[in-house]
Amino acid sequence: KVPFYIMFVPVALGHGARRLHLSAAYRAKAKVSMSRFEPTSFVNYERLQSNVEIVRKRLNRPLTLSEKIVYGHLDDAHNQEIERGRTYLRLRPDRVAMQDATAQMAMLQFISSGLPKVAVPSTIHCDHLIEAQIGGAQDLARAKEINQEVYNFLSSAGAKYGVGFWKPGSGIIHQIILENYAYPGVMLIGTDSHTPNGGGLGAICIGVGGADAVDVMAGIPWELKCPKVIGVRLTGTLSGWTSPKDVILKVAGILTVKGGTGAIVEYHGPGVDSISCTGMATICNMGAEIGATTSVFPYNHRMRTYLEKTGRGQIAALADEYSDLLVPDEGCKYDQIIELNLDELKPHINGPFTPDLAHPVSKIGAMAEKNSWPLDVKVGLIGSCTNSSYEDMGRAASVAKQALDKGLKCKAQFTVTPGSEQIRATIERDGYSKILSAVGGVVLANACGPCIGQWDRRDVKKGEKNTIVTSFNRNFTARNDANPATHAFVTSPEIVTALAIAGTLNFNPETDYLTAPNGEKFKLVPPSGDELPARDFDPGQDTYQHPPADGSSLNVEVNPQSNRLQLLEPFDKWSGSDLENMVVLIKVKGKCTTDHISAAGPWLKFRGHLDNISNNMLIGAVNSENDAVNKIKNHLTGEYGGVPDVARHYKASGVSWVVVGDDNYGEGSSREHAALEPRHLGGRVIIVKSFARIHETNLKKQGLLPLTFSNPSDYDKIRPDDKISIRGLKTFTPGKPLTAVVKHSDGSEETLQLNHSFNETQIQWFQAGSALNRMKQLQH
């Protein structure tokens, strides 16, 4: 066994910074270039501690863990106004990560900024553009061929601007971050809503839109509304069929899809130590489904072990040295407390159609029968960024092996998505892949795949009612397979495996029996699995491209005829006047996620081409006028058409428009295309009852006005054929509501008060036409 030799060398990087070097011995053992660590992984606990001491003295109170890490990254700890839920913080995150679907627009915006190189360590991860069809190797080869133009763009842009590039097949962004970049106390932003996965390693990792990433890469302080803090106190111990996933499934049922909005969820208490590091990551990952800014766990021995096992033993030693900094202060106050006894927690399964509809597994069969949800499980899918750790795969394999030993295979189709090349190689070496394949599983590429709709599903027709169970994080209508009749349920990998073997929702592995081919009835024993591999991880193939020291002479080509990539043109500035007589493009009824606003799946291929992807704008949203999707009235012609087509006609005719929406508008993915598309097609204002955090910020970044009804019932006063004017823009100031004058077609008028959350900087974005326009103004 070759030992890991790692040493820290002090370098001139500001007070207390230390650079991580991995020894030649480790690199030789790993058989890969580990250069991804060398130039950029700085652990600076001294600065974090200094800022925390300044803030603690100013506030004169104990701090929560999330406050320590967030306030520890303040641009100006001495003078920053700090009030939870009210003030905007100016922060200096340590690094940026981007997945390939959002990186295209982020890098296009960075190119538009005119800056020569990124100011903070940044990486691109190719995980979203690989469609699950046949199996891992074939699907990866097909993706490389189909997406060659995009991969070449991202690779060359990364090389030119100093961004590391993880090639297709390397794995899912969040697993790569956990294995390489997250560590206790770091602040990382990522252009994906499940970036909070890194909270499993005691990090503050926050999902953002591409424009936010551009700010950080440009060296500009990043703004975040000072989060409230929800404390989840864990007692007891996980055991039996109950898994870390059940913690967040239960919390989602308590808080709902918007209960965490504007808050960081901070887990603490004696129950934390019974959860593995990757299990904590699972919980933080799915915290995105409750609208939380992020989630985090306090530093403990489980994190230390994981750091050591992934070649970062010296970071673990430093974290031990600064451990008081990486846990909450005694006596700190939370805005809300949830108590959860892990001894009493039962396995859960959430769905269908929303991730907060929580059921104990023991009751899901009866609930399905009562609600006419299909009982037969057509497909079981394990893996994804939420649940693809070594421990997850081991526990699923332990369930599968019991069935195989009795001569049983899955009744349902079964797929397995490894989270990273390291996980794929290690579970293959250790025999887990063989067991999961033998029970009927198809091992897919190290990528997002079906979790984000990258699934060429052929076993059911579109519109055919059916049930699937997954270990994913999100189960919105049509998300996984583009079929609105698919009932998707999310649960743990071990429960997915058990239900795929049984072939029905009406099966509780804690109490029910399976029947072997010889007629023998048997019960599954609770799953087991090693937290980490006994023989260390096998890193597999080298999939990382390190940027050159100087990429200034390199070229980044974008073909003007391309249908995949398109250079950006600046949006127009605010005219200086109120917005008058805008038509209502669509009044949206009910849940409207970013999947409804800008669908993924087959549309992912256009994520680098704003005009082409705008053809999916709001095609999944329900029109309140007729309960139809993608069918709205064109008030210039009187005819009905698709939402993007009508929007394009309004834009060509010089008519501005608004969207009216319901509660938690824009929940789900961080995709900024859901903001770019309305802006590109002539939208000016989005008026709703309430917004999801990331989407509201994305709209502001692109020069739109996200506004909320002062009285939520005013939503009912808006009619599809109204004309709306927004007044008060000449005196647009933080905290001062705007006014909507609503003209009905019968000649009557109503005046409504609209609230906003803009601060001074964000108002300047609106006036300049976008945050990127404002950045360019400041450069001159």
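The values are calculated or read from the model by the stated rules, or taken from the named source; none is laboratory data. What you are looking at is a predicted structure, and each value in this text was computed from that prediction instead of being measured. A quick note on method: Cβ atoms are made from the backbone with ideal geometry, for glycine too, and the neighbour counts reach across all protein chains shown. Protein only, heavy atoms only, side chains kept; ligands, DNA and RNA dropped before computing areas. Shrake-Rupley method; radii C 1.70, N 1.55, O 1.52, S 1.80 Å.
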Candidate residues 129, 636: accessible-area rank, largest first, probe 1.4 Å: 636, 129
Note, ³J(HN,Hα) from phi for region 633-642, Karplus 6.51, -1.76, 1.60, rounded to Hz, x at Gly and Pro: 8, 8, 7, 8, 10, x, 9, 9, x, x
Rounded percent of accessible protein surface that carbon and sulfur make up, the chain, 1.4 Å probe: 48
Other-chain or far-sequence residues with amide H under 5 Å of residue 119's (modelled H): 218, 219
Charge dipole (the chain, unit charges on Cβ, about Cα centre) - positive-most of 653, 517, 274: 653
Residue 233 - accessible surface, heavy atoms, 1.4 Å probe, Å² rounded to 10: 90
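If you wrap a convex hull around the alpha carbons of region 347-523, what volume per residue comes out, as a whole number of Å³?
On the way: hull volume 17.8 nm³, N = 177.
So the per-residue hull volume is 101 Å³.
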Cα-based reach from residue 461 at 22 Å (exclusive), listing lysines while leaving out same-chain residues under 8 positions away: 378, 411
Charge dipole of the chain about the Cα centre (unit charges at C-beta), most positive-ward option of 121, 690, 755: 121
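How would region 310-431 be classified by its alpha-carbon gyration tensor: rounded, prolate or oblate, with rounded meaning a/c under 1.5 and the a/b versus b/c comparison settling the rest? Display every interim value, and only then the final one.
On the way: a/c = 2.67, a/b = 1.29, b/c = 2.06.
Here region 310-431 falls in the oblate category.
Given contacts defined as C-alpha pairs under 8 Å and at least six residues apart, what's the relative contact order of the chain, whole-number percent? Provide the component values of the computation, followed by the final result.
On the way: 1926 pairs, mean separation 99.8, N = 780.
Value for the chain: 13 percent.
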1.4 Å probe accessible area per residue over the chain, in Å²: 35
Overall Cα dimensions of region 235-284 - principal axes, largest extent first, Å: 31, 19, 19
DSSP-defined beta bridges in the chain - what % are antiparallel, rounded to 5: 40
Reciprocal of mean inverse Cα separation for region 538-645 (Kirkwood radius, Å): 17.9
Total lysine pairs whose alpha carbons fall under 20 Å of each other in region 65-343 (8 or more apart, or interchain): 11
Two-site FRET efficiency, residue 83 against residue 237, from Cβ-Cβ distance with R₀ of 22 Å, rounded to 0.05: 0.05
Length released on extending from residue 301 to residue 764, taking residue separation times 0.36 nm less the Cα-Cα span: 162.1 nm
Most to least accessible of 156, 372, 670 (protein chains only, probe 1.4 Å): 372, 156, 670
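Which loop-located GluC sites (Glu not before Pro) does region 604-683 contain, where loop means any DSSP state but H, G, I, E or B and the Cβ has at most 14 other Cβ atoms within 10 Å?
On the way: sites: 625, 639, 667, 672; in loops: 625, 639, 672.
Of the GluC sites (Glu not before Pro), the ones in loops of region 604-683 whose Cβ has at most 14 other Cβ atoms within 10 Å are 639.
Between residue 254 and residue 745, what is the FRET efficiency for a Förster distance of 56 Å, r being their Cβ-Cβ separation, to the nearest 0.05?
Given R0 = 56 Å and the Cβ-Cβ separation, E is 0.80.
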Mean projection area, nm², convex hull over Cα of region 100-144: 4.0
Most to least packed among 163-171, 350-358, 102-110 [average Cβ atoms within 10 Å]: 102-110, 163-171, 350-358
Charge sum, other residues only, whose C-beta stays under 10 Å from residue 131's C-beta, Lys/Arg counted +1 and Asp/Glu -1: 0
Span from the region 323-399 Cα centroid across to the region 669-728 one, whole angstrom: 33
Projected area, mean over directions - region 579-779, Cα convex hull, nm²: 11.0
Alpha-carbon radius of gyration plus Dmax, which is the widest Cα pair, for the chain in Å: 25.3, 83
DSSP-defined beta bridges in region 347-523 - what % are antiparallel, rounded to 5: 30
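For region 65-343, what D do you get in µm² per second when you plug the Kirkwood radius from alpha-carbon pairs into Stokes-Einstein at 37 °C and 0.692 mPa s?
Values: Rh = 19.3 Å.
My calculation gives 170 µm²/s for D.
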Probe 1.4 Å - accessible area at residue 716, Å² to nearest ten: 110
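Determine the gain in length on full extension of the stretch residue 329-residue 573; use 0.36 nm per residue of separation and subtract their C-alpha separation, reporting nm with one decimal.
Net length gain for the segment: 83.2 nm.
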